[in-house]
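Colleague: Below: one structure in structure tokens.
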Amino acid sequence: MSSESCFSPDITIEGEVVRCNTCNSTPDLQSITSNHAAFPPVPPDEPYGQFNLRWPSTVPWVDSDLSTKKEQSLPTTEQPITSTASSVSPVYPTRLGSAEFRLVCLSEGGADRSPVIHVDLEVYDDDQCPEYETVSYTWGGEDDDSSLCRPLYVGPYWDVLLQTKNCWDMLRFLRPLRGFRLVWVDAVCINQADTQERNSQVAKMAHIYEKCRRVVAYLGSDIVAPNLGKYPPRRLLHEACDISRHGPLLKDDKVNLYRLLERKYFSRLWVVQELVLSPQISIQVGELEFLIDATTAKALERSRTDPDDVLLKTDGVRWAGTAAPWVEHVAQRGFRSTWFNDRDLLDIFKATTKSKSQDRRDAVFAVYGLIEKNSKSVVLAPDYSLSILHVFIGLFAHILVTLEHTHILFDASGMSAWGSFPSWMPDWRRDEKRWTEKTHGNLFKQVVSEGRLPLDGYTERLNKWCLAKHEEQVEDPKSFAPRLYEVSNAPDPGPILENFVEQLMELWEKPHDSKWSNFKDEMCGHDWGKSVTIDASTGALTSNLVHVCALAAPARKIDAPSLQKNDARSETFEVVADKDEHARILLHTTSGVPLDQVIIPGQDHLFFFPINLAMKSFHYLLMRKEGNSSDSSTFKLICLCTNVVFQVPVSKGDSWYKNKNGDKDSNIDPLFAISRSNTQTLFDVLKSVKTKLTHETEQDEEEGAFRLNVVFPGVESEDHAMPAIQGLLNDVRKSLPGFLDSYIECLGTKFQPSVQINEGKDYVELRIPPGAGGWTPVTGPNFDAEESMGLIYKEWRHEGDDDTSWSTDEDIVSMFSRIRDTSREAVFIRAPVRDLDDFLWDSYRCRQLARLTRGFKLTSEDELSMFRREPREEDRMVPYPDWPKRLLNLFEIDGRTKKVTIL
């Protein structure tokens, strides 16, 4: 029965047999069933090193051979699909365009409710279509039978389209008692054999469900009465719902909600967006039809509960205690969020973590419709030409790099992935998906950078907490950081964070408040995603990381309850330093990796990178070096550590070891953590140095003027003297130009400076011309420059005297007064280079400039060059730890930022 063999079909039905009287034929259902292919097969996962990654387009894929960004083959926005001929199919003669969709037209089933189902398919434009319904069901039903075994007859030639038993039962149930019914059914309205059409139509399912009149949720023939020849009684679900945890599914015309949500139907992933996005839902249980709309979930939350149910603390439904917590969002047109008024990708994955799908790729594609249209994640459009591995590498790369949810690294596969897929990505095959949990640091960064406030609902509890913990209103932005860390450990951080954000946004509106001028930049920290690339062939991730050290010894598991915080997954391991058995590193992890069995000394290294520089919080990566070269920058991830603590022998004078009681430090546990309080970056330090040297206090300015006149006679500006201070720093590391050359150059030629050696000591000599060369020393209220000159330039002689005739008989003040009052003679003065050196080392400017020395060690840019430029974004990746020197030496701490590739 096709257009090729029959031009005018005349159909009669005898029981379940369909016959065309024109051509005297019946369909060979057995042959059709045995030869029918339901879908194109899922592409196999590519071999490691041949992934050819390209999806999604927001990820910075690079070609490993060219080391350049890979040309994206996928567009960032949907491209038009033209209605062209697809693979030969009598049911689907043309491919749908991007602005088209099909509807099933179901005709009445007749009084006998014939077992033969015939439909017509009609094509409409998205914005010009009749009113229609959608359906929500599971292909396999409660018994998971997804075999295509039941014939659906389509169109004027009654072409056969095989369906699952549950889909066939659903269509039979939906047939109207009279007239016709327009419905959208995914298995019928989409040509499942055409990958391009399938991609396009699945991507627009949100639009289809949002625009429908209602969705009919079909739970299966075992629970739905056939209702032959009559319409079912209708009830509002929240008015006819039993929310006790016990009892039968249906009793006294009431449905038990907890029992209902235990059906397999509610565990299916595709069902989520179908019920969440639709404006109204109809569910039939037995002979009753229950209606759900946007008010239902809230009404159920307020419903009275079973008085004998002592486990239920509220007056209504606790969705988290049901088998399908996501149901609280039904008919809401999106997810109701606790934190932000949007549908965050991780919120969606967290809410659907218990939901199942036959095709693993649908774990991503089935929730696409729930993503906000203006979200960065709209690029996750379905593409069924991709392998399962390709989809999940792309998903995790998008979450990690584009969305900067770096906490997913805590759920990284690590060693179990080596040689199969990237070690930095979670294993999508695990039932537990810890990567869906968002961290407060990322949440706060999102609030600050995007200016979005949390939703309401916490104000009263929030105020009580703040009054109990902090009596004063926060005014100084710098005090936010430690308090926000306190939030992350609070039992209920949501309301506390809301208060901080409200204060922050209120003060942010003060445009002339200098305290807040750079706060946004400081709190948001380094834009980590900008420094990351991912190899398109291997999925290897390349980023800037701070190398802490190599582990010098095997690990041993220990009991450390103070670090493990009653987390059943927490484990702590110690690694002893090679140079001192009393010094050790404590590695705390929740990864489940037995570090005491896997650590290889010398090959395994500890890295970290900041996730929020203002809060000084970090991710610690334990990785194994690839290859034997000491210069190798390629590693495989073993696991992330939630905390890293160093234990070193200490002395009472160590500044980091002292507490508020000063010398009473005998009870302090000698532990040192890479933490918020002891790590800055070059960006922070350079900014601080520039601020201190350009906005000096009155005392600092006076001290600077004092030393300028004492050591740099005739030099009018302290900035002109800075190269000499740079020379001091160069001498320490034996680099050029040194102090003497720089100092002589700073003095210029006016006083003819020279370096002389006398009795093995180096001196700087200055010639003071008659009348003191016009030099008038500056005198402040707390010092006299002429008198102070004698502190350094203590010796003098007349110009005509012998080089050995240096005198200290006349004080320097008298000498200066005399030569200023006469134009008949010049004098030489000299100072030991050692005294000049010591005097300048103790200067305010030298102390500040020396703070940049670690930056030189890590970047090779000298301190003065750094000071004379503005802080740059890359300075944020240069760590400035205030760590004990003993720790640096015992563990051979590196501390350099390196571009590292993680396989």
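Colleague: Can you find a residue that is among the β-branched types (Val, Ile, Thr) and at pLDDT below 90 anywhere in the range 266-283?
Modeller: Residues of the range 266-283 that are among the β-branched types (Val, Ile, Thr), as a first pass: 271-272, 276, 281, 283.
If we keep only those that are at pLDDT below 90 too, we end up with none.
No, the range 266-283 contains no residue that is among the β-branched types (Val, Ile, Thr) and at pLDDT below 90.
Colleague: Right, next: Tell me which residues, restricted to the range 188-220, are among the hydrophobic types (A, V, I, L, M, F, W, C) and in contact with a strand residue (DSSP E or B) (Cβ under 6 Å, 6 or more places away or on another chain). Give the derivation first.
Modeller: Of all residues in the range 188-220, those among the hydrophobic types (A, V, I, L, M, F, W, C) come to 188-190, 193, 202-203, 205-206, 208, 212, 215-217, 219.
The answer is 188, 189, 208, 212, 215, 216, 217.
Colleague: Could you count how many residues in the range 232-252 are over 21 Å from residue 354 (Cα atoms), charged (D, E, K, R), surrounded by fewer than 19 Cβ atoms within 10 Å (Cβ to Cβ) and within 43 Å of the chain's Cα centre (by Cα)?
Modeller: The qualifying residues number 1.
Colleague: Report every pair of residues separated by at least 6 positions or lying on different chains whose Cβ atoms are under 6 Å apart, first residue within the range 739-750 and in contact (Cβ under 8 Å) with a residue 60 or more places away in the chain, second in a helix (DSSP H, G or I) and open to solvent by 20 Å² or more (accessible area, probe 1.4 Å).
Modeller: 739/731
Colleague: Going through the range 560-578 one residue at a time, which ones are open to solvent by 40 Å² or more (accessible area, probe 1.4 Å) and modelled with pLDDT under 65?
Modeller: 561, 562, 565, 566, 567 - these are the residues of the range 560-578 that are open to solvent by 40 Å² or more (accessible area, probe 1.4 Å) and modelled with pLDDT under 65.
Colleague: Hey, which of the helices (runs of 4 or more DSSP H) in the range 253-301, taking only ones fully inside, have at least 1 residues that are more than 15 Å from residue 137 (Cβ to Cβ) and either of a type in the set (Phe, Trp, Tyr) or open to solvent by 10 Å² or more (accessible area, probe 1.4 Å) (or both)?
Modeller: Working: elements: 257-260, 269-277, 296-301.
By residue number, 257-260, 296-301.
Colleague: Looking at the range 849-886 only, could you name the residues that are assigned to a helix (DSSP H, G or I) and under 19 Å from residue 531 (Cα atoms)? Explain how you work it out, then say what you get.
Modeller: Taking the range 849-886 and keeping what is assigned to a helix (DSSP H, G or I), we get 849-850, 853-859, 863-867, 873-877, 885-886.
Scanning the range 849-886 gives 858, 859, 873, 874, 875, 876, 877.
Colleague: Would you say residue 593 is part of a strand (DSSP E or B), of a type in the set (Val, Ile, Thr), surrounded by 16 or more Cβ atoms within 10 Å (Cβ to Cβ) and at pLDDT 90 or above?
Modeller: Working: part of a strand (DSSP E or B): no; of a type in the set (Val, Ile, Thr): yes; surrounded by 16 or more Cβ atoms within 10 Å (Cβ to Cβ): yes; at pLDDT 90 or above: yes.
No: the conditions fail for residue 593.
Colleague: Can you tell me how many residues in the range 711-762 are assigned to a helix (DSSP H, G or I) and among the aromatic types (Phe, Trp, Tyr)? Talk me through it step by step, then tell me what you get.
Modeller: In the first step, residues of the range 711-762 are kept if they are assigned to a helix (DSSP H, G or I); the result is 711, 718-732, 739-747.
Right, trim to among the aromatic types (Phe, Trp, Tyr) and you get 739, 743.
Matching residues across the range 711-762 total 2.
Colleague: Taking the range 317-366 on its own, how many of its residues are modelled with pLDDT of 80 or more, at negative phi and not hydrophobic (A, V, I, L, M, F, W, C)? Lay out the reasoning, then the answer.
Modeller: Kept after step one, since they are modelled with pLDDT of 80 or more, are these residues of the range 317-366: 317-334, 345-366.
Those still in the list that are at negative phi too: 317-330, 332, 345-366.
Cutting the leftovers down to not hydrophobic (A, V, I, L, M, F, W, C) gives us 318, 321-322, 325, 328-329, 332, 347, 350, 352-362.
Residues flagged as modelled with pLDDT of 80 or more, at negative phi and not hydrophobic (A, V, I, L, M, F, W, C) within the range 317-366 amount to 20.
Colleague: Could you check how many residues of the range 823-848 are within 30 Å of residue 795 (Cα to Cα) and part of a helix (DSSP H, G or I)?
Modeller: We begin by selecting, within the range 823-848, every residue within 30 Å of residue 795 (Cα to Cα); these are 823-847.
Applying the additional criterion that residues be part of a helix (DSSP H, G or I) yields 833-841, 844-847.
Looking only at that region, the number is 13.
Colleague: Sticking with this structure for a sec: Report yes if residue 59 is under 24 Å from residue 173 (Cα atoms), surrounded by 11 or more Cβ atoms within 10 Å (Cβ to Cβ) and modelled with pLDDT of 90 or more, otherwise no. Give the steps one after another, and end with the answer.
Modeller: Numbers: under 24 Å from residue 173 (Cα atoms): no; surrounded by 11 or more Cβ atoms within 10 Å (Cβ to Cβ): yes; modelled with pLDDT of 90 or more: yes.
Taking the combined requirement at face value, the residue does not satisfy it.
Colleague: Let me ask something else about it. Looking for something outside any helix (DSSP H, G or I) and free of Cβ contacts under 8 Å to residues at least 12 places away in the same chain - is there at least one such residue anywhere in the range 140-153? So that I can check it myself, show each step before the final result.
Modeller: Going residue by residue through the range 140-153, those that are outside any helix (DSSP H, G or I) are 140-153.
If we keep only those that are free of Cβ contacts under 8 Å to residues at least 12 places away in the same chain too, we end up with 143.
Yes.
Colleague: Give the range 150-193 a look and list any residue that's in contact with a helix residue (DSSP H, G or I) (Cβ under 9 Å, 6 or more places away or on another chain), more than 17 Å from residue 103 (Cβ to Cβ) and open to solvent by 10 Å² or more (accessible area, probe 1.4 Å), or say none. Working first, answer last.
Modeller: Going through the range 150-193, the residues in contact with a helix residue (DSSP H, G or I) (Cβ under 9 Å, 6 or more places away or on another chain) turn out to be 150-152, 154, 160-164, 167, 171, 181, 183-192.
If we keep only those that are more than 17 Å from residue 103 (Cβ to Cβ) too, we end up with 150-151, 160, 162, 164.
Within the range 150-193, 150, 151, 160 qualify.
Colleague: What is the residue count in the range 413-439 for residues that are more than 17 Å from residue 48 (Cα to Cα) and assigned to a loop (DSSP other than H, G, I, E, B)?
Modeller: Pass one, the range 413-439, residues more than 17 Å from residue 48 (Cα to Cα): 429-439.
Add one more test, that the residue is assigned to a loop (DSSP other than H, G, I, E, B), and what stays is 429-433, 437-439.
Count: 8.
Colleague: Related question: When you scan the range 121-135, how many residues do you find that are surrounded by 12 or more Cβ atoms within 10 Å (Cβ to Cβ) and more than 11 Å from residue 183 (Cα to Cα)?
Modeller: Result for the range 121-135: 4.
Colleague: If I filter the range 647-656 for residues that are modelled with pLDDT of 50 or more, over 30 Å from residue 867 (Cβ atoms) and either surrounded by 21 or more Cβ atoms within 10 Å (Cβ to Cβ) or acidic (Asp, Glu) (or both), do I get at least one hit? Break it down stepwise before answering.
Modeller: Within the range 647-656, the first condition is being modelled with pLDDT of 50 or more, and the residues that meet it are 647-654.
Next cut, over 30 Å from residue 867 (Cβ atoms) only: 647-653.
Imposing the further condition that a residue be either surrounded by 21 or more Cβ atoms within 10 Å (Cβ to Cβ) or acidic (Asp, Glu) (or both) reduces the set to 648.
Checked the range 647-656: at least one residue is modelled with pLDDT of 50 or more, over 30 Å from residue 867 (Cβ atoms) and either surrounded by 21 or more Cβ atoms within 10 Å (Cβ to Cβ) or acidic (Asp, Glu) (or both).
Colleague: Out of the range 854-895, which residues are out of contact with any strand residue (DSSP E or B) (no Cβ under 9 Å at 6 or more places or on another chain), at pLDDT 85 or above and either among the hydrophobic types (A, V, I, L, M, F, W, C) or surrounded by 15 or more Cβ atoms within 10 Å (Cβ to Cβ) (or both)?
Modeller: Result: 856, 861, 862, 863, 864, 866, 867, 871.
Colleague: Another question, then. Which residues, taken from the range 212-224, are open to solvent by 10 Å² or more (accessible area, probe 1.4 Å) and modelled with pLDDT under 95?
Modeller: Correct list: 221, 222, 223, 224.
The values are calculated or read from the model by the stated rules, or taken from the named source; none is laboratory data. Not measured: the values here are computed from a predicted model. We place every Cβ from the backbone using ideal geometry, glycine too, and count neighbours over all the protein chains shown. Side chains included, ligands, DNA and RNA excluded: accessible areas come from the protein's heavy atoms. Shrake-Rupley method; radii C 1.70, N 1.55, O 1.52, S 1.80 Å.
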